[in-house]
Amino acid sequence: MALKQNTAEGGSVGVTVTTGNSGAGSGDAFGQITIAGAPTYIFSDTTASHGALSYSVSGASGDTARFYMYNGGGSNATLRCYINLSSLPSVSQQLFALQNSSFSFVAVVAINAANKLIVQDAGGTTLYTATTALSQGVWYRVEMQAVVGATTSTGSLDFQYYTGDSTTAEDSYASGATVNTGTVSIIRGVFGKMTSSATLDAYFDSFGYDDTTASPLGPYSGASNDAPTAYAGTNQMGIEPFKVVTLTGTDSDTDGTVVSRQWQQLSGTSVVLSGATTDTCSFIAPGTLLGDTLTFGYTVTDNQGANSAESTVQCVVLPVTERAVMSGVETPLQTKSIMSGAAESNTIWTVQGGALVRRSATVTILHTTFDSFAVSSPMSITDMRAAMGNWTGGSGATVVNTSILAVAGRGNVVRQHFLAGEFGGTYGIVINAPLQYAVDEATISYDVRFVNTPTAFDWGWGGKLPGLGGVLPDNPGGLQNPPTGGSPSPYGWSGRGMWITPGSYPGSSNSPNEWVGYIYDPTQTAGNYGQNRQTDTSFTAGQWHTVTQYYKMNTINAEGSSGNSDGIHRMWLDGNLVYENTAQVFRIYEAANITHLMWHMFYGGATSDWAPAVDTDIDIDNLLITTP
């Protein structure tokens, strides 16, 4: 058998110890507890060598309380236990022992009337007396090891004791193979009030017993305790200012119980948390001119003192749409009647000189880092909706071939899996998620990695990456999502990303694995596919890249007929500007703004030539959409 340990951490304060309640969060349960007289033997939080709890054992003359830990049996064994004396005994008594299969003592550590530890063999003969007396109220670690002899004079017995977790012994003894440890295999270790003719008041903790070695166990490391886990919940988007926001955490501990919980605010406008030491807390969303993203962390601690990793959640609070200039300072207002309905909740405005104008400061529309979502495969539809800014589409419980995984040095990311030989949106992911604001200029950026393991990434002929698009509200053509699939429309536009290879478009020239923009605009005729915006830059498999696209809508020449060639499209790769067009026509209707996140990832192209020959994966992290 292997090492068995018990720390008392799974118990409840003041409860009498039994074999039934001594396991779980405490570690290995005791195989037997024997009692004589009326001693007290309870879980206590008065003091502990490790964690929060220990075993309090006290009794008068005539009382005993012995705690046994069994193992399979062997010719050698080692025992460790921590002890703290509440009062110093005046009569010698046994504290720790190893016993054999005949239930006879193999070796004993006792304390004498001078409060010095003594070592006794199987026959009760004192082999060694420590030179220094123990002190009251101090945690000591006592260790002993025994090897059974072929005869009663060829066994060995070693002993050490330390202050707490020190690795320098206060005293030690080693017999060599010359003493009586019996000739029968050792099967159990024992501690407690083992002598009935004496009074004892002590605490015991972090007991260990192993019958596979005769080496000291050393300080208790806590390795047997699994840390608890905490989950702060999914991101909350589009929160109205001044509303009560509730954060609900969940947690678990596989080998014990969670004993404390803590919420804290990590970033954003400072708020007051109510119930910050419970699993559910709340706060009042701040009212700000620009809106804000507030980040909160949730951690828990288990009954052995282990802390969980901090789980985070983001709360995106909308800007106050009702505001006024007071003494020359723009001020958010909670009273909605101030502006007489002039401010619109689906656009971003400010008040200047008594008039409503579009605000020029950068506002975050959506920011998803994926760290607040639990690692899962596949990703739940609930988490995907939250990641897309509270998108309400989709069906079923999960998202096919999409997962959340942890990446060393980065945190959690979203991974899209692609099957060999497959192409088109059916075999990837296509989500058209309405943005919380309709704006006329916006930037989208994200980190992307074409995964190069376990096999080299197969680029195929190329494929689609996320972008932005727009749809004219309530348009007569019934267009619901930005145009794609060879179907341009006068009522909308789209601007996604792509990667293409030299074989993607026969007769054209482009770089290997090139990062390109892919535009549908209302000037295209029916049946035409999107237009490539080539950058002459390449992706590298296995490397994280940051891609960015900026769109500014063009002005209108004649509503519904023609737009001016003054729209702007810019593209960056890893912070370097690689494409710019300042004469783009995105729309012919003033209200055909930037309205959708197009979370599109798939191979294609419209033929099987675009498909990969092997299964592949693409990772994305740190999705950010801002305006202007």
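What to note about this one:
- Reported count of residues in the range 241-267, each being without any contact (Cβ under 8 Å) to a residue 40 or more places away in the chain and either acidic (Asp, Glu) or assigned to a loop (DSSP other than H, G, I, E, B) (or both), is 1.
- Members of the range 377-393 found to be modelled with pLDDT of 90 or more and not hydroxyl-bearing (Ser, Thr, Tyr), listed by number: PRO378, MET379, ILE381, ASP383, MET384, ARG385, ALA386, ALA387, MET388
- All of (1) in a loop (DSSP other than H, G, I, E, B); (2) touching a residue at least 40 places away in the same chain (Cβ under 8 Å); (3) surrounded by fewer than 22 Cβ atoms within 10 Å (Cβ to Cβ) hold for GLY409 with one exception: (2).
The rows are residues; the columns are (1) surrounded by fewer than 22 Cβ atoms within 10 Å (Cβ to Cβ); (2) modelled with pLDDT of 95 or more; (3) over 24 Å from VAL17 (Cα atoms); (4) in contact with a Cys (Cβ under 9 Å, 6 or more places away or on another chain).
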| position | (1), (2), (3), (4) |
| --- | --- |
| MET144 | no, yes, yes, no |
| SER156 | yes, yes, yes, no |
| TYR173 | yes, yes, yes, no |
| THR195 | yes, no, no, no |
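- Residue within the range 577-593 that is free of Cβ contacts under 8 Å to residues at least 60 places away in the same chain and either buried (at least 16 other Cβ atoms within 10 Å of the Cβ) or under 38 Å from the mean Cα position of the chain (by Cα) (or both) present: yes
- Within the range 476-493, being farther than 30 Å from THR616 by Cα and touching a residue at least 60 places away in the same chain (Cβ under 8 Å) holds for PRO490, TYR491, GLY492.
- Verdict on TYR505 being in contact with a Phe, Trp or Tyr (Cβ under 9 Å, 6 or more places away or on another chain) and free of Cβ contacts under 8 Å to residues at least 40 places away in the same chain: yes
- Identification of strands (runs of 3 or more DSSP E) wholly contained in the range 170-240 with 3 or more residues that are of a type outside the set (D, E, K, R), closer than 24 Å to SER92 by Cβ and in contact (Cβ under 8 Å) with a residue 24 or more places away in the chain yields 186-193, 200-210.
- Applying the condition of being assigned to a loop (DSSP other than H, G, I, E, B) and not small (Gly, Ala, Ser) to the range 46-60 and asking which residue is most open to solvent (accessible area, probe 1.4 Å) yields THR46.
- Taking each residue of the range 536-547 that is over 18 Å from GLY460 (Cβ atoms) and looking for partners that are hydroxyl-bearing (Ser, Thr, Tyr) and not in a strand (DSSP E or B) with beta-carbon atoms closer than 9 Å, six or more apart or interchain, yields ASP536/SER511; THR537/SER511.
So that you can scan it fast, the table gives a plain yes or no per residue for (1) in a strand (DSSP E or B); (2) touching a Leu at 6+ places or on another chain (Cβ under 6 Å); (3) surrounded by fewer than 17 Cβ atoms within 10 Å (Cβ to Cβ):
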position: THR18; (1), (2), (3): no, no, yes
position: ASN21; (1), (2), (3): no, no, yes
position: GLY25; (1), (2), (3): no, no, no
position: THR34; (1), (2), (3): yes, no, yes
position: ALA38; (1), (2), (3): no, no, yes
position: GLY62; (1), (2), (3): no, no, yes
position: TYR70; (1), (2), (3): yes, no, no
position: ILE83; (1), (2), (3): yes, no, no
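- When the range 268-290 is filtered for residues that are in a strand (DSSP E or B) and open to solvent by less than 40 Å² (accessible area, probe 1.4 Å), the ones remaining, listed by number, are CYS281, SER282, PHE283.
- Hits in the range 595-610 - residues which are of a type in the set (A, V, I, L, M) and at pLDDT 95 or above: LEU597, MET598, MET601
- Strands (runs of 3 or more DSSP E) contained in the range 453-565 and holding at least 3 residues open to solvent by 20 Å² or more (accessible area, probe 1.4 Å) and among the hydroxyl-bearing types (Ser, Thr, Tyr): 544-552
- Every pair of residues 6+ apart whose Cβ atoms lie under 8 Å, when the first sits in the range 41-60 and is without any contact (Cβ under 8 Å) to a residue 60 or more places away in the chain and more than 15 Å from ARG141 (Cα to Cα) while the second is among the small types (Gly, Ala, Ser) and surrounded by fewer than 22 Cβ atoms within 10 Å (Cβ to Cβ): ILE42/GLY14; PHE43/SER12; PHE43/GLY14; ASP45/ALA52
- Test for THR131: is it at pLDDT 95 or above, over 21 Å from ALA177 (Cα atoms), open to solvent by 10 Å² or more (accessible area, probe 1.4 Å) and of a type in the set (Val, Ile, Thr): yes
- The residues listed here are PHE43, PHE30; of these, the one that is out of contact with any His (no Cβ under 7 Å at 6 or more places or on another chain), hydrophobic (A, V, I, L, M, F, W, C), in a strand (DSSP E or B) and surrounded by 20 or more Cβ atoms within 10 Å (Cβ to Cβ) is PHE43.
The values are calculated or read from the model by the stated rules, or taken from the named source; none is laboratory data. Here the structure is a predicted model, which is why all the values come from computation and not from measurement. Reconstructed Cβ throughout: ideal geometry from the backbone, glycine too, with neighbour counts over all protein chains shown. Surface accessibility is based on the protein's heavy atoms, side chains included, excluding ligands, DNA and RNA. Shrake-Rupley method; radii C 1.70, N 1.55, O 1.52, S 1.80 Å.
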